[in-house]
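Heads up: the structure comes next, in structure tokens.
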Amino acid sequence: MYQIIDGKKISQEIKDELKLQVEQMKAEGVEKCLAVIQVGNDPASSVYVGNKKKACAYVGVKSLSYELPEDTTEEELLTLVMELNARADVDGILVQLPLPKHINEEKVLLAIDPNKDVDGFHPVSVGNLSIGRPGYVSCTPAGVIQLLKRSGIEIEGKECVVLGRSNIVGKPMSMLLLRENGTVTTCHSRTVNLREVTKRADILVVAIGKPKFLDESYVKEGAVVIDVGIHRDENNKLCGDVDFEKVAPHCSAITPVPGGVGPMTIAMLMNNCVNGVK
Ligand code: NAP
């Protein structure tokens with residue numbers, strides 16, 4: 001029988017721990033504050049921003065909300081980021097992506113002070129992770145590490161295979177598993193004999209962005225499978241990059257979609273806001 005890794009429960013535990021920590025900080029006169037910037041009103045972005053603000057309210061982190069019109073210029077956005085960089089009362093700055101096409105996303109992310117880069121996307125944060133220095137870590141892969149640790153799954157010495165090498169998931173995921181002393185292989189669209197590689201994995205993290213891509217032919221008996229993907233299937237039901245029904249019976253533990261990795265991202269964002277650079 002396989003273990004279902006319950007991301008809803010674990011993310012709630014983390015938020016409750018942070019809430020207590022924030023209460024203690026407030027008693028000592030310290031308040032944490034996150035600035036959230038959204039440009040335009042993309043419906044998906046509005047949902048994500050709303051969820052982030054709700055999580056802030058739950059944990060006790062103050063949130064400053066900047067809902068800017070679609071026609072905001074790059075210069076106006078950069079000016080706001082600079083102002084927030086300079087404000088001592090703002091601990092974290094989050095610019096919701098994607099930005100409208102006329103704004104250079106990279107330029108904006110680079111403008112965020114790495115000491116306030118709670119998303120962990122700034123090259124300085126990524127570099128710090130690569131060379132083992134303290135820094136903000138991208139929230140989704142950080143959430144995967146917490147799922148593993150809090151489910152009693154040992155990473156040290158294990159064969160870890162990450163399927164996907166994006167800058168926000170695959171690459172930081174590989175670096176984090178390495179930091180936990182896993183033996184890590186990163187796969188991508190040019191990987192030859194993908195099944196042979198994934199079948200070596202004790203821990204297989206799938207972030208390929210293709211609905212139900214991974215079936216049992218990619219998985220070693222007894223592996224732990226973490227599904228980062230999130231999609232709507234043909235019946236408009238949420239599903240992941242893993243075909244759960246086919247893969248689960250071959251695993252020792254697996255994350256479901258929904259209720260696996262998804263809820264962890266916001267919990268880890270809250271962790272970054274409360275605990276700062278680690
Ligand atoms: P992405 O930027 O599209 O990256 C996908 C990666 O998969 C790329 O590295 C690509 O390789 C690789 N790939 C694609 N097809 C492949 C194939 N046939 N064989 C081997 N490798 C292949 O996606 P992402 O941003 O990392 O996101 C991955 C998934 O996670 C998506 O479903 C996304 O919605 C989800 N996600 C979830 C959360 C969350 O909070 N739960 C957060 C972020 C993302 P190349 O580099 O060679 O092109």
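The values are calculated or read from the model by the stated rules, or taken from the named source; none is laboratory data. As the structure is a computational prediction, the values presented were derived from the model and not from experiment. Glycine also receives a Cβ, built like all others from the backbone with ideal geometry; neighbour counts cover every protein chain displayed.
Of the residues making up the stretch 10-44, those that are outside any strand (DSSP E or B), small (G, A, S) and at pLDDT 95 or above are S11, A27, G29, G40.
Pairing residues of the stretch 31-47 that are within 12 Å of E67 (Cβ to Cβ) and in contact (Cβ under 8 Å) with a residue 12 or more places away in the chain with residues that are among the hydroxyl-bearing types (S, T, Y) and assigned to a loop (DSSP other than H, G, I, E, B), at Cβ distances under 7 Å and at least 6 apart in sequence or on separate chains, gives V39/T72. All of G132, G157, G182 fail the test of being away from the ligand (no atom under 16 Å from the Cβ) and closer than 19 Å to P114 by Cα, apart from G132.
Has the stretch 87-98 got at least one residue that is of a type outside the set (A, V, I, L, M, F, W, C) and more than 22 Å from the chain's Cα centre (by Cα)? Walk me through it before giving the result.
If we filter the stretch 87-98 for residues that are of a type outside the set (A, V, I, L, M, F, W, C), which is where we start, we get 87, 89, 91-92, 96, 98.
Subsequent filtering for residues that are more than 22 Å from the chain's Cα centre (by Cα) retains 87, 89.
Within the stretch 87-98, one or more residues are of a type outside the set (A, V, I, L, M, F, W, C) and more than 22 Å from the chain's Cα centre (by Cα).
The one condition from (1) more than 12 Å from the ligand (Cβ to nearest atom); (2) farther than 20 Å from I5 by Cα that K171 does not meet is (1).
Please pick out the residue among L148, L176, L163 that is in contact (Cβ under 8 Å) with a residue 12 or more places away in the chain, out of contact with any helix residue (DSSP H, G or I) (no Cβ under 8 Å at 6 or more places or on another chain) and buried (at least 21 other Cβ atoms within 10 Å of the Cβ). Walk me through it before giving the result.
Working: L176 fails: out of contact with any helix residue (DSSP H, G or I) (no Cβ under 8 Å at 6 or more places or on another chain); L163 fails: out of contact with any helix residue (DSSP H, G or I) (no Cβ under 8 Å at 6 or more places or on another chain).
On inspection, the qualifying residue turns out to be L148.
When V192, V197, V257 are checked against the criterion of being within 9 Å of the ligand (Cβ to nearest atom) and either out of contact with any Phe, Trp or Tyr (no Cβ under 7 Å at 6 or more places or on another chain) or assigned to a loop (DSSP other than H, G, I, E, B) (or both), V257 stands alone in meeting it. Only one entry in S252, S217 is within 26 Å of K9 (Cα to Cα), among the polar types (S, T, N, Q) and modelled with pLDDT of 95 or more, namely S252.
Of the residues examined, S63 is one that is among the hydroxyl-bearing types (S, T, Y) and over 18 Å from the mean Cα position of the chain (by Cα). Evaluate the stretch 187-195: report whether one residue or more is touching a residue at least 12 places away in the same chain (Cβ under 8 Å) and aliphatic (A, V, I, L, M). Yes; the residues of the stretch 187-195 include at least one that is touching a residue at least 12 places away in the same chain (Cβ under 8 Å) and aliphatic (A, V, I, L, M).
Across the stretch 49-65, a minimum of one residue is classified as over 20 Å from N275 (Cα atoms) and part of a helix (DSSP H, G or I).
To keep it simple, each residue is scored yes or no on (1) buried (at least 17 other Cβ atoms within 10 Å of the Cβ); (2) in contact with a strand residue (DSSP E or B) (Cβ under 8 Å, 6 or more places away or on another chain); (3) closer than 25 Å to Q146 by Cβ.
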| site | (1), (2), (3) |
| --- | --- |
| V192 | no, no, no |
| R195 | no, no, no |
| S217 | no, no, no |
| D233 | no, yes, no |
| K237 | no, no, no |
| D241 | yes, yes, yes |
| S252 | no, yes, yes |
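Among the residues of the stretch 11-70, those identified as in contact with a strand residue (DSSP E or B) (Cβ under 8 Å, 6 or more places away or on another chain) and among the aliphatic types (A, V, I, L, M) are L34, A35, V36, I37, V39, V49, A57, V61, L64, L68.
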